[in-house]
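See structure below.
The values are calculated or read from the model by the stated rules, or taken from the named source; none is laboratory data. Worth saying up front: this structure is predicted, and the values here are computed from it rather than measured. Neighbour counts run over all protein chains shown; Cβ positions are idealised from the backbone, glycine included. Just so you know, the surface numbers come from the protein's heavy atoms only, side chains and all, with ligands and any DNA or RNA stripped out. Shrake-Rupley method; radii C 1.70, N 1.55, O 1.52, S 1.80 Å.
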Amino acid sequence: MRDAVTTLIKNYDSTGRYLDRDAVDRLRSYFNSGAARVKAAAVINANAAAIVKEAASALFTEQPELIQPGGNAYTTRRYATCLRDMDYYLRYASYAIVAGDVDVLNERVLEGLRETYNSLGVPIGPTVRGIQIMKEIVRDRVAAAGIEDTGIVEQPFDYMCRQLSEVNI
Ligand SMILES: CCC1=C(C)/C(=C/C2=NC(=C\c3[nH]c(/C=C4\NC(=O)[C@H](C)[C@H]4CC)c(C)c3CCC(=O)O)/C(CCC(=O)O)=C2C)NC1=O
């Protein structure tokens with residue numbers, strides 16, 4: 001599992017280079033955004049349950065067939081599993097925000113996920129929509145907490161959506 005710093009060092013070490021100007025610029029940008037990243041993680045931590053609940057309710061309002069007979073989130077067990085999955089995406093997004101790197105998402109979340117979802121008939125499109133809705137909620141809450149650069153918050157959600165959508169082809 002890597003963060004922005006260890007990824008950068010790994011790349012430079014593999015070619016035996018000192019940290020050049022480009023590396024220094026990237027390090028500076030990561031450290032400059034550090035306080036905002038930590039604050040964003042704190043906002044997510046303090047509101048996680050509410051964020052998941054709000055996002056799920058918005059998703060099921062948009063796509064009510066998911067929780068109707070025949071829908072993948074129909075039955076109490078599958079409904080709860082769906083919310084648990086959303087909680088996973090939120091928690092790992094918070095790690096990736098702090099790390100400034102998506103490596104943790106590849107390693108812990110996305111690896112093998114498509115196969116699992118396909119074999120269980122979990123629909124990817126609505127899952128991606130659920131992640132997008134969480135992104136919007138988190139972005140608004142983080143902005144309300146005074147963080148201007150909400151891009152650092154959106155990144156991991158966008159990455160998960162992209163990866164999930166791509167492997168769905
Ligand atoms: C931390 C990394 C990690 C992830 C991401 C993860 C996902 C994950 N979601 C699963 C199931 C599931 N996932 C969903 C999710 C949904 N169904 C819908 O219609 C909605 C679109 C969506 C919620 C937004 C459902 C309903 C199941 C249960 C499917 C079944 O058992 O039939 C399963 C199968 C095993 C289980 O039931 O626990 C896995 C492994 N597990 C992990 O360890």
(request) Mind jotting down the distance between the C-alpha centroids of region 42-79 and region 83-104, whole Å? (result) 17 Å
(request) Provide the FRET efficiency to the nearest 0.05 for the Ala35-Ser165 pair, computing r from the beta carbons and using R0 = 30 Å. (result) 0.40
(message) What percentages make up the Cα-Cα pair-distance distribution of region 83-169 when the bins are 10 Å wide from 0?
(response) 17, 53, 25, 5, 0
(message) Leaving out ligands and nucleic acids, and using a 1.4 Å probe, what accessible area per residue does region 34-165 come to in Å²?
(response) 49 Å²
(message) Placing one identical point scatterer on every Cα of region 1-152 and ignoring solvent, what is log10 I(q)/I(0) from the Debye formula at q = 0.16, 0.17 Å⁻¹?
(response) -0.93, -1.00
(message) Could you tell me the relative contact order of the chain? Use alpha-carbon pairs under 8 Å, at least six residues apart, and round to a whole percent.
(response) 29 percent
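Could you sort Phe157, Phe31 by their accessible area in this structure, using a 1.4 Å probe and putting the largest first?
Numbers: Phe157 0, Phe31 130 Å².
The residues order as Phe31, Phe157, largest area first.
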(request) Check the straight Cα-Cα distances from Lys39 and name the lysines below 18 Å, setting aside those fewer than 8 residues away within the same chain. (result) Lys135
(request) Summarise the accessible area of region 56-137 (1.4 Å probe, protein heavy atoms) by the percent that is carbon and sulfur. (result) 53 percent
(request) Can you send over the carbon and sulfur percentage of the accessible area for region 1-52, probe radius 1.4 Å, protein chains only? (result) 56 percent
(message) Using only DSSP helix segments of four residues or longer, with each worth -39500 (n - 2.57), what per-residue ellipticity at 222 nm results for the chain after dividing by its residue count and rounding to 500?
(response) -24000 deg cm²/dmol
(request) Can you sort Val138, Val24 by 1.4 Å-probe accessible area, starting with the largest? (result) Val24, Val138
